[in-house]
Every structure is written in C-alpha cells, then in structure tokens.
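Beneath this line is the structure, given in structure tokens, with notes to follow.
The values are calculated or read from the model by the stated rules, or taken from the named source; none is laboratory data. Keep in mind the model is a prediction, meaning the values are calculated, not measured. All Cβ positions, even for glycine, are placed from backbone atoms using ideal geometry, and neighbour counts span all protein chains on display.
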Amino acid sequence: MEHIKERPYMNPYLAGFFLGLILIATIFISGRGLGASGAFKSIAVATVAKTAPAHAETGMAYTEYVETHPGGVLRDWLVFEVLGVLIGAFFSGVLSNRVALKLEKGPRATNALRIGGAILGGALFGFGSQLGRGCTSGSALSGMAVMSFGGIITMLAIFGGGYALAYFFRRLWLK
Amino acid sequence: MGPLVPFVFSNEFGLLMAVFIGIAFGFILEQAGFSSTKKLVGLFYGNDFTVLRVFFTAGVTAMTGVMLLGHYGLLDLDVIYINPTFVRSALVGGVIMGAGFIIGGFCPGTSVCAAAIGKLDAMLFILGSVLGIFAFLEVYPAIKEFYMADAMGPVKIYEQLGMHKEVWALLLTLIALFAFVVTWYIEKNVNNEPAVISPTWKRRYALAMALPVVVILLLMMLPNKQEIIQNRIAEAKRQQKCVFHEIDADNLAYQIVNHYYDINVIDVRSPEEYEKFHIPMAINIPFENLMDRQWEDIFKQTIKKNIFYADSDTLVRMSCLKARFIGESENLILKESATAFRDLYYSLEMPEPEDSKQAHELYFFRANHAEKMLDLKKALENIGKPVKKEVIVVQGGCS
C-alpha cells in the first residue's frame, strides 16, 4: 500500500490570526468565549446522572450543575461546540492526510507509560480545569481576549506549572 | 449590536451557532498542529514553540478585535462574559493543569482535536479528564470554601494593574512580539539549526507585527462612541444650535392621564432621588446610564415621545441631547423641575374664595390629575412594572 504524505501544518501565526478571528466572532455572536473542559463536565455529570441517579440527586456539585442547566445537562453551549470541534478537526485531518489510529509518544516512553501518563495527565487537567474555572481555551485564551484578570493568572499558572515540572517528566518526551 | 445571542438570536440558535463555531475552531487547531502531542509539549522543552505562537497571536488578535468592536459600540463590553476571578483557586487549578499538560501531553481542546483524527493517547486523555472532573465533583463539598475563596468578580486585568485598557493591550502585544522573536532564536538553538530567515519573510513578519501595534495606537488616539457623542453634544452647545422642545407641568399631567401609552416619562436623577419622589408613571434612567444597552430601544423607537425631567436644568438638557444622538425618538424636556412638579401637584393648597375663577379651575385640574395619575399608576402596576429592567448577563466559561 502506498503511503500518502501528510501535508505540512499551517503557518502558526496565520493559524493564530484565524483562531483570533474565530474567537472574535464567537464573542460577537454569543457574548462568550471558546471552551472545552466544560463539555467534559457535562459528560461527567450526565454519566453520573445516568448510572447513579440517586447519587446525582444528593451530591452538591451535581444539583448545582443541574440547576444551571434547566434544559438538561447535555444541552450546553460547550457540548455543541465540542461536537463541532470533533467534526472540524476530523475534516482538517482528512484534508491533510493525518487521520490514523496511533498512539503518539516520546522516543523513550513505553506504551504503558504513555497510556498511564495520558490518563493521569487528563485526570489532573480535568480536576485543575474545575478549580481554574476553565481550561486553556475557556479560561486562558478567552480570558485574554476579554482581558479578564482571572483568565490571565490562570494562563500564567498553567504555563508556569508546565515549565516548572517539564524537567521531571522529560523521559516521557525527550530522547 | 453584539452580542447577538440572546438579544438578536435566541439561545436555541446559539446552540446551532456553537456547532459551526466549533467546526471552525477544531479545523484551525488541527491545521496548526495541535492534534500532535509532540508539538504541544515541545513548548516546554524549547524545541517547538508552535503553541506559544498560535496562542499568543490568537489572544492578541481577539483582544484587539474585541476592543475595536467595543470602541465603536458594535459590541457591548458590559454584557459579554468576563471570566470571574478567584485568585487561589485559579492559581492552584492552573498549576494542576500545567502538571496535567506535561504528563498527559494535551489540554482538553487539543485532545478533542487529536482524538478526532484517531490519536489513541488523546482518547485516553479525554477519559482521564472526565474521571478527573468526576473526582472534583465528588470532593466539591469539601473544597467549596477554597473554590469560592478570594472572589473578586469579573475584574479586568487593566483595572487590577491600574492602567488604561489600551496601555495593557499595547503591553501584552509587545510582550507577545518579544516572545515570538526570542523563542524563535531559542528554538533554532535547541534544534541546532541556523537562525536565518529570508528577507521576504522578514518583511512580511515585520508588517504583521506592526499591524496590532498600529491598531491599538489608533484606538488610543481616536475617540470612542461615547466620546464622539459627548463631542457632538459639546459642539452643538458651542454653536448654540440646540433647540429644546419643552412641555409644562400641566400639559405633562394631562398627557400622563390621557395619553400615557404615547409617552415615556424619564427621570434622569439618581435612583435615591427617584425613590424619594418621582412623577407617577416615570421610569428611572440615571444620566450616567443613558447609553446602556438596555435602554437603547427607548431612544431608538419613533412611536412614543420621551419626556425628560430632573432637578437641574443642565442635567435634563444634557440628557435630552444625549438621547437625540443615540436614536431618532422625539425628545422633550419638562419645563419645571421634579421638585416644582411635586409642589404643584402634591402639596396643593385650596385657593381662597376671593381668588380668581382661573385659580380655582387650575386647583381643581391639578387636584383631579394628581389623583388620576396615582390611580393610573396603581392600575397599571400589575400589568408590567416599567420601573426597572433586568440586566441580561450572558452565560459563559468552562465550569
């Protein structure tokens, strides 16, 4: 089978400019920024509500969340947006010949290490995004666009934390 | 104008738009290379600064664009969602996210992109994220106090630093441009590549870098919508071109009783003064709030007349002028002050028997209308309280 060559990535500054325009359009249309972790929260709440309804009815975090989503926990702006992200990214991947089932890891990392790291990292990010009231998109990027103090300190903490810990996890990524 | 949801479009339409916005978002993230964990973590090891480039360019572009739209009144910056600030929880949450980033190799948005093109590690990262959020939901009652600590509300960074909005924008832009140059050298150095760039690209980048700086400098110098209106008012005053249509107290009372549906009586004094006494049926729009979005429709309609009153002659004239520059409605001012109106109508003294017939007629007219205005107010109170309008706040954020 002939291997089709991947297309190169877009110029990062151009991509950033487009991303900025998308964010302006988002704020202009919806009055709010982009996001991602909020959709994961909807999924987490919906899963608990489905599998352990009794627990979801008594847990403080669940009842508070349900209160703010009168139309159902999955009827959330971010859930719809993230569905769009899946479609858009897939479309882009197809255009650039990048769609493939693959476990991407550093040259020294074993499969088990990468799998464990991905799950643990995800868990930390998920937990942190709740404390930070948003992730890199919802808090940091959108916060920067509207000059939110909270958004910008969250951004500094994310990247500061990443740099501070990078040395200890170099085995995951470097030669 | 903006934001269009929920003012122009419904929230339902907003959900549909969310899908389209998401498609564009996902497409660009993937094209930028954010679907590859190696590209993402390269930021932390100095061998690939793509994330910084895309992220900062997007942030500066969006910030400048939002500021530009706000400057000319196309987007109401008081209504859009500003992420609220909770210092401790933001910092601790941020550092935990940083750890998640370097261990997991993704952030939530990029993991969705990578999962969409089949990256198994990204799918596991999403699974982990949902588990992490589940853990948060479970421990939430125990850490709620910490989560809610140092609540500062939706504060903006330039307020916090005590600088002008434009100064902050310029500062952030310059930091970003500086970072672009420095990280380019670092990246070339780490990857043992020669730090050379073709003259064509050098020119292109220089132009691109100048663009946001020029836009922000222009915004700094050019007056915004509010200032333009203020200037026009000042100009009109200087040329003494302002003609005010006046209405006297008796005529106003007659209009309120007989044609209340044709007029908006607007009290432009402070809410405290309004509470103390106001003309029946009057709504309160303090002078400073005249240009708020929620009142726009009052000044843009052409069906009802707006009648302004206050205690100070200058205040009422300024309000009337301002209203004239906001919309096309017919604006009048009450000749008498609010206090004078109260004295005329609500501290009436019976004329002496030897006074003229006219004085007696006037007395009966005023007593009768004073009563009727209050009755009318009472009767209409339950139909729809026209006193204060709810401020609509847009939902947002990731929590």
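Descriptive notes on the structure:
- Residue in the range B:264-290 that is surrounded by the most Cβ atoms within 10 Å (Cβ to Cβ), counting only those that are touching a Leu at 6+ places or on another chain (Cβ under 8 Å) and among the aliphatic types (A, V, I, L, M): B:268
- In the range A:68-104, the qualifying residues are those that are surrounded by 14 or more Cβ atoms within 10 Å (Cβ to Cβ) and of a type in the set (S, T, N, Q), and the one that is modelled with the lowest pLDDT is A:96.
- Every condition in (1) part of a helix (DSSP H, G or I); (2) more than 7 Å from chain B (Cβ to nearest Cβ); (3) modelled with pLDDT of 90 or more holds for residue A:107 except the one numbered (1).
- In the range B:90-145, residue nearest to residue A:116 (Cα to Cα) [restricted to those that are surrounded by 19 or more Cβ atoms within 10 Å (Cβ to Cβ) and among the hydroxyl-bearing types (Ser, Thr, Tyr)]: B:129
Yes/no per residue for (1) under 15 Å from residue A:124 (Cα atoms); (2) under 31 Å from the mean Cα position of the chain (by Cα); (3) touching a residue at least 40 places away in the same chain (Cβ under 8 Å):
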site	(1), (2), (3)
B:81	no, yes, yes
B:85	no, yes, yes
B:119	no, no, yes
B:129	yes, no, no
B:135	yes, no, no
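- Residues of the range B:1-36 that turn out to be under 30 Å from residue A:174 (Cα atoms) and within 8 Å of chain A (Cβ to nearest Cβ), as a count: 11
- Among (1) part of a helix (DSSP H, G or I); (2) modelled with pLDDT under 85 - the single one residue B:342 does not satisfy: (2)
- Filter result (touching a Gly at 6+ places or on another chain (Cβ under 9 Å) and not hydrophobic (A, V, I, L, M, F, W, C)) within the range A:41-58: A:41
- Any chance residue B:207 is outside the structural domain of residue B:365 (by TED's automatic domain parsing) and either in a loop (DSSP other than H, G, I, E, B) or at negative phi (or both): yes
- Residue within the range B:288-306 that is closer than 19 Å to residue B:260 by Cα, of a type in the set (Asp, Glu), at pLDDT below 90 and touching a Gly at 6+ places or on another chain (Cβ under 9 Å) present: yes
Residue-wise test of (1) at pLDDT 90 or above; (2) of a type in the set (Gly, Ala, Ser); (3) in contact with a strand residue (DSSP E or B) (Cβ under 9 Å, 6 or more places away or on another chain).
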| site | (1), (2), (3) |
| --- | --- |
| B:3 | no, no, yes |
| B:11 | no, no, no |
| B:31 | yes, no, no |
| B:34 | yes, no, no |
| B:60 | yes, no, no |
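- Flag for residue A:159 being under 14 Å from the mean Cα position of the chain (by Cα) and closer than 12 Å to residue B:94 by Cα: no
- Of the residues making up the range A:84-95, those that are facing chain B (nearest Cβ under 7 Å) and either small (Gly, Ala, Ser) or in contact (Cβ under 8 Å) with a residue 12 or more places away in the chain (or both) are A:84, A:85, A:88, A:89, A:92, A:93.
- Considering only residues in the range A:15-36 that are of a type in the set (Gly, Ala, Ser) and out of contact with any Gly (no Cβ under 6 Å at 6 or more places or on another chain), the one that is nearest to residue A:61 (Cα to Cα) turns out to be A:33.
- The set of residues in the range A:10-39 that are buried (at least 24 other Cβ atoms within 10 Å of the Cβ) and more than 7 Å from chain B (Cβ to nearest Cβ) contains only A:39.
- With respect to the conditions (1) among the hydrophobic types (A, V, I, L, M, F, W, C); (2) touching a Phe, Trp or Tyr at 6+ places or on another chain (Cβ under 7 Å); (3) within 30 Å of residue B:362 (Cα to Cα); (4) in a helix (DSSP H, G or I), residue B:266 lacks only one, and its number is (4).
- None of B:381, B:390, B:371 is at pLDDT below 85 and more than 26 Å from the chain's Cα centre (by Cα) except B:381.
- Taking the range A:40-63 as the range and being facing chain B (nearest Cβ under 9 Å) and hydroxyl-bearing (Ser, Thr, Tyr) as the test, the residues that pass are A:47, A:62.
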